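Take a look at the structure below.
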Amino acid sequence: MSISTSPHSHLLHPNHNHFLSNHRIHTTTTTISLPSSRTFRPIKCASTSVQLQDPLPVQVQAQAQAQERVFNFAAGPATLPENVIRRAQSELYLWRESGMGVMEMSHRSKDFMSIMEAAEENLCSLLEIPPGYSVLFLQGGASTQFAALPLNLCAPDDPADYIVTGSWGDTAFKEAQKYCRASAIWSGKSEKYTKIPSFGSLDQNPAAKYLHICANETIHGVEYKNYPIPTNRSGLLVADMSSNFCSKPVDVSQFGVIYAGAQKNVGPSGVTIVIVRDDLVGRAQGFTPVMLDYKIHAENMSLYNTPPCYGIYMCGLVFQDLLEQGGLAEVEKKNVKKAEILYDAIDGSKGYYKCPVEKSVRSLMNVPFTLEKSELEGEFIKEAAKENMVQLKGHRSVGGIRASIYNAMPLAGVQKLVAFMKDFQARHA
Ligand SMILES: Cc1ncc(COP(=O)(O)O)c(C=O)c1O
C-alpha cells in the first residue's frame, strides 16, 4: 500500500490503536491522508499484514445472545425491528435455496434481483407511490443528494429556493450553492431552529427550479406536518426525508424528488433511497459525475454499478415488516402515541425538562430536550445508560438530550424512558 504523508495524516500504530493492539502486526509504516478540514493527531499505520491472534471464540456468540439488548435512542444508525434482525440472522448463512448468504450474491444474480424487486414493490405499496416515479437505491448518503439534486434539476445559473429549518436544511443549501444559484428564502437560525415558517409568508422565487425542504430536522427536532405549495414555475417541491421516511403516510405526488438515507427508519447505513418523478430524469448538467446522474441509475434499475446489496436486502425486510404492521397509517399511530407520552412527560415536568421546539411542529422522531439544571445532563445520560437506555446525548452542536424514537423503538422503550425521567427528577429535584 503506498499512501502519502501529509500534515493531516492519520498514522496508525499498534500502540495507539485499540483494535490493532489485539493483533500481531508485521509492520511497515504508512500514512493515510485525511481531509484537511479536520485536525487529527497523527497515529502510525502499520499496514502490510495484520494477523488475527486468535480465531473468534465460539463463546463470543453465546455471550452476545445472552446479553440483553438495550433501548437504543440513537439518531442513526438506529435501532432496527427485532423481528427483522432475527430474520436476517436466520438467513445470514443461507438465503432460501441459493446455497449462499445475501452478502455473497452477485448483484446481477436472479436471487438478488428478486430481493431488490421485492424491496422496491413493498416500498411502492407502503408509500403508495403513483405511476411516473422511479425508485433508486443508491449510495453516498443523503449528503451526496445535496449535490445530486441541483446537478440533476438545474443549470448552473438556475435559481433554487431553500427553506432552512435546521442544520440539515442548511447543509443542503450550502452544498447546492456550488451547483446552482440557491437562496435560503427563510431561515430559522436566529430562533435556534425551533420553528417552521407559515407558508403564506414565504417569498418564493417564481423562477426557482425547485423548493427544497428538510421534512424532519434530526438534530433540532422540527418536523413539517404539512407541506408548502411551491409557487415556482416548475411547481417542484423536493424533500430530504432522511429522518422521517416511512414513519407516516406521505402524498408522494406532492413532490418532484424525495430522498432519504436508510439508517434511521428503514435499514442500515449505506443505502440512500431516491424517489424521483420520471420527467425530471435525464436533465443533469453535462459535467455531472455518472454516479450522481439520476438517468444512469434509473435506466439501469440502480444496478449501474454494485449497489449496497445487503443494505437493500435489510430495507426490504423492514418494508415487509411495516406492511405486516398494517402500513404507514398504523405505523404513524404508534409513532404519535410514543411521541405524545414523551412530550407530555417533558411538558408536565414543571420546567424540569424543556423542549425548545414550537409545539405544533415537534418531531415524532427526534425529541430534543434540556434539563433546567443543565449541569445534571451528563448524570442523566450516565444513569440512563446504566438502565440500558443508550445514545441519549444531544447532537454535539446543540447539546442537551435527544431521544430518537424511530419506527423500531418499541413503546416499552419510551415508557421506560419516561419512568426514568420522573424518577430522576424526584431524586435530583
Ligand atoms: C435529515 C438528514 N439529512 C441528511 C443527513 C445526512 O445523511 P448521511 O450521513 O447519510 O449523508 C442526515 C444524517 O443524519 C439527516 O438526519
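Derivation of every value follows stated rules applied to the coordinates shown; laboratory data play no part. Worth saying up front: this structure is predicted, and the values here are computed from it rather than measured. Please note: Cβ atoms are built from the backbone with ideal geometry, for glycine as well, and neighbour counts cover all protein chains shown.
Annotations for the structure displayed:
- Cross-link partners of K295 among aspartates and glutamates, defined as those whose alpha carbon lies under 16 angstrom from its own and excluding same-chain residues fewer than eight positions apart: D278, D279.
- Each Lys and Arg adds +1 at its Cβ and each Asp and Glu adds -1 at its Cβ; summed about the Cα centre, region 102-324 shows a dipole of about 560 debye.
- Evaluating 6.51 cos²θ - 1.76 cosθ + 1.60 at θ = phi - 60° for every residue in region 204-215, the Karplus couplings come out as 6, 7, x, 8, 4, 6, 7, 10, 10, 10, 9, 4 Hz, glycine and proline recorded as x.
- Taking the Cα centre of region 314-429 as reference, the dipole from Cβ charges on Lys and Arg (+1) and Asp and Glu (-1) amounts to some 220 debye.
- Given K192/K416; K192/K354; K334/K354, the pairs whose alpha carbons are separated by over 19 Å: K192/K416; K334/K354
- Region 102-324: translational diffusion in µm²/s, Stokes-Einstein, Kirkwood Rh over Cα pairs, 37 °C, 0.692 mPa s: 187
- Dipole check for region 215-301: with +1 at the C-beta of Lys and Arg, -1 at the C-beta of Asp and Glu, and the Cα centre as origin, the magnitude is about 100 Debye.
- Burial ranking of peptide ranges 113-122, 271-280 (average Cβ count within 10 Å, highest at the top): 271-280, 113-122
- Residues with amide H under 5 Å from that of A160, placed H, sequence gap 5 or more: R181, A182, S183, K209
- Surrounding net charge for R87, when Lys and Arg each add one and Asp and Glu each subtract one, Cβ distance under 14 Å: -2
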